[in-house]
1. For Gly119, all conditions in the list (1) within 16 Å of ligand 2 (Cβ to nearest atom); (2) at pLDDT below 95 hold save one; what is the number of the exception?
2. Residue check: is Asp171 more than 16 Å from ligand 1 (Cβ to nearest atom) and in a loop (DSSP other than H, G, I, E, B)?
3. Please tell me if Leu37 is surrounded by 18 or more Cβ atoms within 10 Å (Cβ to Cβ), away from ligand 1 (no atom under 16 Å from the Cβ) and more than 17 Å from Arg135 (Cβ to Cβ).
4. In a helix (DSSP H, G or I) and closer than 30 Å to Arg5 by Cα, is that true of Asp334?
5. In segment 125-154, which residue that is part of a loop (DSSP other than H, G, I, E, B) and touching a helix residue (DSSP H, G or I) at 6+ places or on another chain (Cβ under 9 Å) is nearest to ligand 1 (Cβ to nearest atom)?
6. Starting from residues that are buried (at least 17 other Cβ atoms within 10 Å of the Cβ) and not hydrophobic (A, V, I, L, M, F, W, C), keep the ones in segment 56-76 and report whichever is farthest from ligand 1 (Cβ to nearest atom).
7. Can you tell me which residues in segment 204-223 are part of a loop (DSSP other than H, G, I, E, B) and either crowded, with 21+ Cβ neighbours inside 10 Å or at pLDDT below 95 (or both)?
Amino acid sequence: MRAARLTAVQAPGATPRDVLEVVEVPDLSPGPGEVLLRVGAAGVCATELHFLDGLLPAPRFPVTLGHEVAGTVEAVGDGVARWDVGDRVAVHYLHSCGDCRPCRTGRENTCAAPAGMLGFASDGGFAEQLVVPARSLARVPEGLDLTSAAPVTCSVTTALHAAAVGDVRADQVVVVYGTGGVGLALVQVLRRRGARVLAVARSQARRDAATDLGAEWVVDPADGDVGAQVQELTGGADLVVDLVGTQATADAALAALAPGGALLYVGYSHESVTLSPLQLVVGEHRVLTAVSCTLAELELGLDLVARGEVRVLLDRVAPLEELPDVLAALAAGDVVGRAVVVP
Ligand SMILES: [Zn+2]
Ligand SMILES: [Zn+2]
């Protein structure tokens with residue numbers, strides 16, 4: 001089978017094409033409790049860029065990235081009763097164990113002993129085949145195509161989890177700071193909760209997309225101080241979801257908060273961030289974080305998209321060989337919504 005392999009961290013001045021190669025690798029077969037998938041589509045996420053730039057350490061080289069996968073069951077291993085050949089499924093990319101304390105207490109997204117982590121610790125979905133634990137699958141509802149289902153596994157699910165962590169209520173003002181695939185899903189998830197949404201985006205195309213998906217206000221950082229713009233438009237935010245994770249976004253986020261408002265980290269960067277305890281205490285601000293999602297959130301996300309309650313914006317659907325070009329476009333900010341590769 002063919003797989004797109006990352007061979008090294010991308011050196012300064014290099015391009016994704018310099019570190020990715022599509023090669024023939026041995027076919028896979030499922031072990032006990034596992035399922036072999038024919039990958040139907042794999043979403044291309046900003047997280048991939050962090051493996052290329054070295055912020056996230058690759059488990060080894062070469063490695064196959066790609067954690068947003070939907071496909072068709074091609075074979076099942078011993079002891080797998082729930083899935084049959086031909087079933088259309090999406091992968092819960094953190095293969096939680098179901099047995100550790102986090103898993104038993106509803107925090108499987110922070111599983112202490114995962115069986116694998118697709119495209120992070122184990123080989124991912126930028127390949128024709130994939131083997132995953134049978135318990136890490138969700139059924140793709142009828143009528144939802146695999147190209148739309150794939151990015152749900154990370155974009156919509158991360159948004160659902162973040163909104164749950166933020167405990168977002170109707171009429172609250174929430175800032176979505178960063179409008180990639182997760183941000184645009186988050187705009188919609190927040191609207192479903194009845195929140196009033198302000199989206200921050202540098203590109204006009206992304207601001208337009210955010211407006212189209214339900215943002216009441218959009219702010220361009222180029223128009224000046226983001227915190228002041230948010231205060232002027234909304235009177236202060238109850239929650240800022242930072243999908244960028246830099247000192248500049250932290251400063252703007254804190255300046256944007258209403259008294260009692262919270263800063264929720266979902267994104268991260270190479271930067272460390274300094275926060276003033278004085279500023280936090282005086283405003284009684286909380287700092288929260290949200291990572292990944294639960295299997296139940298994946299099932300909910302697929303259902304919402306299948307029913308048309310949340311839209312997945314597909315920027316482009318490309319063959320595996322074009323993955324380097326897709327990653328270059330993503331790095332340049334030229335992708336609106338999600339790009340998907342079809343191996
Ligand atoms: Zn992702
Ligand atoms: Zn666990």
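The values are calculated or read from the model by the stated rules, or taken from the named source; none is laboratory data. This one's a predicted model, so the numbers in the text were calculated from it and none came from an experiment. Note: ideal-geometry Cβ built from the backbone for every residue, glycine included; neighbour counts use all protein chains shown.
1. Status for Gly119: all satisfied but (1).
2. So Asp171 fits the description; yes.
3. For Leu37, the condition - surrounded by 18 or more Cβ atoms within 10 Å (Cβ to Cβ), away from ligand 1 (no atom under 16 Å from the Cβ) and more than 17 Å from Arg135 (Cβ to Cβ) - is not met.
4. no
5. Only one residue fits best here, namely Gly125.
6. Glu74
7. Passing the criteria: Leu213, Ala215.
Okay, residues lined up against (1) assigned to a helix (DSSP H, G or I); (2) on the phi > 0 side of the Ramachandran plot:
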{"site": "Ala250", "(1), (2)": "yes, no"}
{"site": "Ala255", "(1), (2)": "yes, no"}
{"site": "Leu264", "(1), (2)": "no, no"}
{"site": "His270", "(1), (2)": "no, no"}
{"site": "Leu275", "(1), (2)": "no, no"}
{"site": "Leu280", "(1), (2)": "yes, no"}
{"site": "Leu288", "(1), (2)": "no, no"}
{"site": "Ser292", "(1), (2)": "no, yes"}
{"site": "Ala296", "(1), (2)": "yes, no"}
